[in-house]
Amino acid sequence: MKLFSDYHSHPQGHRVQPYTQALLQPWVDSARERGLRDIAFTDHDRFHAGIEFAEIERLRQTNADLNIRAGIELDNDPQTSAVGRKWIESNWDQLDFVLGSVHYLDHPTQMFDSVPAGAAQVVGQDIDRLYADYFRRLREIAASGLVDCLAHLDLIKIHGHRANSEIRQLIDETLELIQARNLAIELSTAGWRKQVNELYPSD
Ligand SMILES: [Zn+2]
Ligand SMILES: [Zn+2]
């Protein structure tokens, strides 16, 4: 099957850059070139100030051949995600799609998946405990009632660290919750560009 959609993109490039036609149109052009028919913009919730729904609407008018969705990626940033959740609630009617993700473990200001700095959060740790902690946080996001889809489901492996013990029960528990909530999971190729060199999630 040919890939026809991409629901994970960061047009603002990890900083606040207000949505304009000049910022967004290249993403549409690039999607069209690749044969995508259905796309979502999902900047991180901490950059919600840049999201302009009116600009997305204008983009839809001039690119009627594509389905363009207004989205966001809500994560568990201890500093910003409470505000992010509120923003999602107050803009719920205009949002088509919300990704949920876990980027933070115990470090209050650094995403564990930052490369290479985040690896320091994993080195020397009890990997099994980290996996359990990561999936617990993921279940919290899944149960928030605010997300449609879980992003990069097994991101905890990003720096190449594998759980030592059997994690099937941990995964099953998480997938059962996702299924019970009727949520989707992302199939992400981003791991191919990382040291782990594997899709999120692996089989
Ligand atoms: Zn993302
Ligand atoms: Zn992410």
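The values are calculated or read from the model by the stated rules, or taken from the named source; none is laboratory data. Not measured: the values here are computed from a predicted model. Reconstructed Cβ throughout: ideal geometry from the backbone, glycine too, with neighbour counts over all protein chains shown. Surface areas here come from the heavy atoms of the whole protein model, side chains and all, with no ligands, DNA or RNA. Shrake-Rupley method; radii C 1.70, N 1.55, O 1.52, S 1.80 Å.
The figures follow:
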item: Computed E for residue 162/residue 65 - FRET, C-beta separation, R0 41 angstrom, nearest 0.05; result: 0.40
item: For the range 66-203, share of DSSP beta bridges that run antiparallel, in % to the nearest 5; result: 10
item: Heavy atoms of residue 24 accessible to a 1.4 Å probe, total area in Å² rounded to 10; result: 0
item: Relative contact order of the range 39-198, pairs being alpha-carbon contacts under 8 Å that are 6 or more residues apart, as %; result: 20
item: Dipole moment magnitude, nearest 20 debye, the chain about Cα centre, only Lys, Arg, Asp, Glu C-beta charged; result: 300
item: Listed residue (156, 202, 97) projecting farthest to the positive dipole end of the range 96-203, Cβ model; result: 156
item: Heavy-atom surface of the range 1-147, accessible at 1.4 Å and reported per residue (Å²); result: 49
item: Point-to-point label distance, residue 120-residue 16, nm (Cα→Cβ direction, 7 Å offset); result: 2.8
item: GNM result for the chain, Cα springs below 10 Å: residue of 113, 77, 172 fluctuating most strongly; result: 172
item: Contact order relative to length of the range 117-203, as percent, for alpha carbon pairs under 8 angstrom and 6 or more apart; result: 35
item: Highest-fluctuation residue, 125, 94, 25 considered, GNM on the chain with Cα pairs under 10 Å; result: 125
item: Rh (Kirkwood; distinct C-alpha pairs) - the range 1-80, Å; result: 12.9
item: Local net charge near residue 22, Cβ-Cβ under 14 Å (Lys/Arg +1, Asp/Glu -1); result: -2
item: Using alpha-carbon coordinates, inclination of helix 21-33 to the longest axis of the chain, degrees; result: 80
item: Cα-centre dipole for the range 25-134 with unit charges at Cβ (Lys and Arg positive, Asp and Glu negative), debye to 20; result: 220
item: Candidates 107, 48, 159, ranked by Gaussian network fluctuation over the chain, Cα under 10 Å, top entry; result: 107
item: Nearest-ten-degree value, helix 81-90 long axis tilted from longest Cα axis of the chain; result: 40
item: The chain - percent of accessible surface contributed by carbon and sulfur, probe 1.4 Å; result: 51
item: Accessible surface of residue 123 - all protein chains present, 1.4 Å probe, nearest 10 Å²; result: 100
item: Mean Cα-pair separation over length for the range 72-120, i.e. relative contact order, pairs under 8 Å, 6 or more apart, %; result: 40
item: Potential extension, residue 33-residue 140 segment - 0.36 nm per residue separation minus Cα distance; result: 34.8 nm
item: Angle between the chain longest axis and helix 53-62 axis [Cα atoms, degrees, rounded to 10]; result: 60
item: Estimated Rh, the chain: Kirkwood, alpha-carbon pairs, angstrom; result: 17.8
